[in-house]
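Below is one structure; the comments refer to it alone.
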Ligand code: HEM
């Protein structure tokens, strides 16, 4: 006799139709499953969250930046007034601007903390050298993002900090004077400088950052994360094969035949 499905099962079946539809045509669901349930060392700890924290800070910068760009006017005549308008008149403008301004420092601090953890855990060594190099590029771009953004409020601090920054660049050997001319867009800091800093700040550098972050994360997923240096599972140490639990987005069950896993799919002690 055919068994009738419970309401819950029917609902689940209906809810999964679009998921199956997407999976059949793109393999995306499989990719997300792989990303979420990939194996990581059992002794990952809070230090391993610094990379994701940096990513979160970057996303906050991107989102608040998009909102600011809707109201900011990148010309010497209007820039300062538009920033004042955002801070004083726009609904919650002070919050968005504050998040973007303070968030920039948070982003850089987290970046250094993440880099420090990678260094101290020796996670830059084989086979992760390329990811370290990508990280160095990310660091340079993040600093440039801070430098170009600092001019945009077009107040005295912004103007003179940029004068100092450009003059510093000008002292570099050989390329220095050309670099300074390129950044200024002429002999003096003015309309051209503001326009090019704005374009670099909201188009070129964030675009490059997004592309490099995606590559960085691809390598993290491909190579896996490193165990802490004190780990028993560190590279080179013999380890027992453990069956890792949950598999699947909707129906948690043990991998393989489930041997070595308890009822919830966790490895047995
Ligand atoms: C926008 C900046 C960055 C973002 C969003 C980011 C994000 C991440 C994430 C989410 C991870 C995996 C989790 C973790 O280990 O914390 C990771 C790992 C890694 N990151 Fe970054 N990162 C950034 C900058 C850097 C920098 C500046 C360096 C070094 C110069 C670096 C080198 C590495 C390396 C080598 C790994 C692999 C670590 C391991 O296997 O244990 N990253 N990154």
Candidates 133, 92, 63, 28 - the one that is under 17 Å from the mean Cα position of the chain (by Cα), surrounded by fewer than 12 Cβ atoms within 10 Å (Cβ to Cβ) and free of Cβ contacts under 8 Å to residues at least 40 places away in the same chain: 133
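For residues that are surrounded by 15 or more Cβ atoms within 10 Å (Cβ to Cβ) and in a helix (DSSP H, G or I), scanning just the stretch 34-48, find the one that is nearest to the ligand (Cβ to nearest atom). Spell out the reasoning first.
Going through the stretch 34-48, the residues surrounded by 15 or more Cβ atoms within 10 Å (Cβ to Cβ) turn out to be 37, 41, 47-48.
Right, trim to in a helix (DSSP H, G or I) and you get 47-48.
Values: 47: 7, 48: 5 Å.
Among residues in the stretch 34-48 that are surrounded by 15 or more Cβ atoms within 10 Å (Cβ to Cβ) and in a helix (DSSP H, G or I), the one nearest to the ligand (Cβ to nearest atom) is 48.
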May I ask you to list the residues in the stretch 49-60 that are surrounded by fewer than 20 Cβ atoms within 10 Å (Cβ to Cβ) and near the ligand (Cβ under 6 Å from one of its atoms)? 50, 52, 55
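Between 159, 124, which is modelled with pLDDT of 95 or more, assigned to a loop (DSSP other than H, G, I, E, B) and touching a helix residue (DSSP H, G or I) at 6+ places or on another chain (Cβ under 8 Å)?
Values: 159 fails: assigned to a loop (DSSP other than H, G, I, E, B).
Result of the check over 159, 124: 124.
Yes or no: residue 68 within 16 Å of the ligand (Cβ to nearest atom) and either surrounded by fewer than 19 Cβ atoms within 10 Å (Cβ to Cβ) or part of a helix (DSSP H, G or I) (or both)? Explain how you work it out, then say what you get.
On the way: within 16 Å of the ligand (Cβ to nearest atom): no; either surrounded by fewer than 19 Cβ atoms within 10 Å (Cβ to Cβ) or part of a helix (DSSP H, G or I) (or both): yes.
Taking the combined requirement at face value, the residue does not satisfy it.
The values are calculated or read from the model by the stated rules, or taken from the named source; none is laboratory data. The structure displayed is predicted, hence computed values, not measured ones. Neighbour counts run over all protein chains shown; Cβ positions are idealised from the backbone, glycine included.
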